[in-house]
Amino acid sequence: MVLRFFRGHGGDGLDHVQRQLLEMLANDREAFDAATSTLLSGGDPATVGPALRATDAQVNELEREIRRELVVHASVHGAGDIAAVLVYMSIVKDVERIGDYAKNIFDLAAAGVDFREAPDRPTMLRYRDRAAEMITESGAVFAGDDQDRAHALLAEADGMLDTFDELVNALVHSDDVAHDAVPRALYYRHLKRIVAHLMNLLTAVVMPVDRLDYLDESVGGEE
C-alpha cells in the first residue's frame, strides 16, 4: 500500500487511525442502508431520522478524532510519516462525505418522495445494492492493501459514474413532470458522489500522494 510505503517508525499510531477510518466506513454503510431503505422500501422517516443523524454524528466525531491524532502524530514523528499523514488527512474527508450524501438521500424520503411503487424501482435497487457493496468492499481493499482489487474496483466505479451521468442527463431532457424527474436525478447524483468519494479512498492504495483525488477531478468532481 502507498501508505505503508510512506510510514516511518510510527506505524502503531497510524494503524489506530486506519481502524478509526474503517469504523467511519462501517457507519457510512449503516447510514446509507437506512437512507435508501427509507426511500425505496417505505421506512418511516420520523423513526429512521434520529438514528441516522446519530450515526452521522459518530462519523463526524471520528473524523475530528482522526485529524487530532494525525496532528499529534506528525508533531511526534516528524518528516518520517508526513506523507502518510497527508494521505489520511485527504481521504478522511472523502469518507466523511459519504455519510453526508447518505443524509441527502434520506432527505428525499423526508420530503415525501416514495419510490416503493415506482416502475423503475428495480433499477434503483440494483444501483443501490452495488453502491452499498462497494462501501464495504472499498474498506476491505483499503485495509488489506489489495492493489489488484483496488484497480478492478476503480475501473468498475468509473463506469458507474458514466452510467449515473447518463441517467441524470436522460431525466434532464425527458418530458417527465418535475416531481418524478427531479427526485430521480438527485438520487442518481447522490449515488454518483458516493462512488466518486470511494474512488478517492481507493487511490490511496494505488497512487502516489500527488495524484490523490485525481480520478475524481478527471470526472468533474465536486464536494
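Tell me which residues, restricted to segment 43-81, are within 30 Å of F106 (Cα to Cα) and among the acidic types (D, E).
Kept after step one, since they are within 30 Å of F106 (Cα to Cα), are these residues of segment 43-81: 43-68.
Matches in segment 43-81: D44, D56, E61, E63, E65.
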Legend entry - Residue tally, condition in contact with a Lys or Arg (Cβ under 9 Å, 6 or more places away or on another chain) and either under 29 Å from D15 (Cβ atoms) or charged (D, E, K, R) (or both), over segment 144-168: 3
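So for segment 109-116 (the condition being over 14 Å from L39 (Cα atoms) and at pLDDT 95 or above), does at least one residue qualify? Steps first, answer last, please.
Initially, segment 109-116 is screened for residues over 14 Å from L39 (Cα atoms), giving none.
No, there is no match, as no residue in segment 109-116 is over 14 Å from L39 (Cα atoms) and at pLDDT 95 or above.
Among the listed residues A109, A131, A143, identify the single one that is small (G, A, S), within 21 Å of L21 (Cβ to Cβ) and buried (at least 16 other Cβ atoms within 10 Å of the Cβ). Step through it out loud before you land on a result.
Details: A109 fails: within 21 Å of L21 (Cβ to Cβ); A143 fails: buried (at least 16 other Cβ atoms within 10 Å of the Cβ).
Exactly one residue qualifies, and that residue is A131.
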Inset, instruction - Identify the residue in segment 63-84 that is buried (at least 19 other Cβ atoms within 10 Å of the Cβ) and in contact (Cβ under 8 Å) with a residue 40 or more places away in the chain and, among all such residues, is nearest to L21 (Cα to Cα). - result: I66
Inset, instruction - Out of the residues in segment 175-211 that are over 15 Å from the mean Cα position of the chain (by Cα) and more than 22 Å from L40 (Cα to Cα), state the one that is modelled with the lowest pLDDT. - result: D210
Legend entry - Count of residues meeting criterion [without any contact (Cβ under 8 Å) to a residue 12 or more places away in the chain and under 18 Å from the mean Cα position of the chain (by Cα)] in segment 111-143: 4
Inset, instruction - Check V95 against each of (1) closer than 24 Å to Q20 by Cβ; (2) surrounded by fewer than 21 Cβ atoms within 10 Å (Cβ to Cβ) and name the one condition it does not meet. - result: (2)
Legend entry - Residues that are in contact with a helix residue (DSSP H, G or I) (Cβ under 6 Å, 6 or more places away or on another chain), within 30 Å of M124 (Cβ to Cβ) and not acidic (D, E), drawn from segment 41-93: G43, P45, V48, L52, T55, Q58, V59, L62, I91, V92
Inset, instruction - Given the conditions (1) surrounded by 14 or more Cβ atoms within 10 Å (Cβ to Cβ); (2) modelled with pLDDT of 95 or more, report the number of the one that S90 does not fulfil. - result: (2)
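The values are calculated or read from the model by the stated rules, or taken from the named source; none is laboratory data. Predicted, not measured: the structure shown is a model, and the values here were computed from it. Don't worry about glycine lacking a Cβ; one is built from the backbone with ideal geometry, like all the others, and counts go over all protein chains shown.
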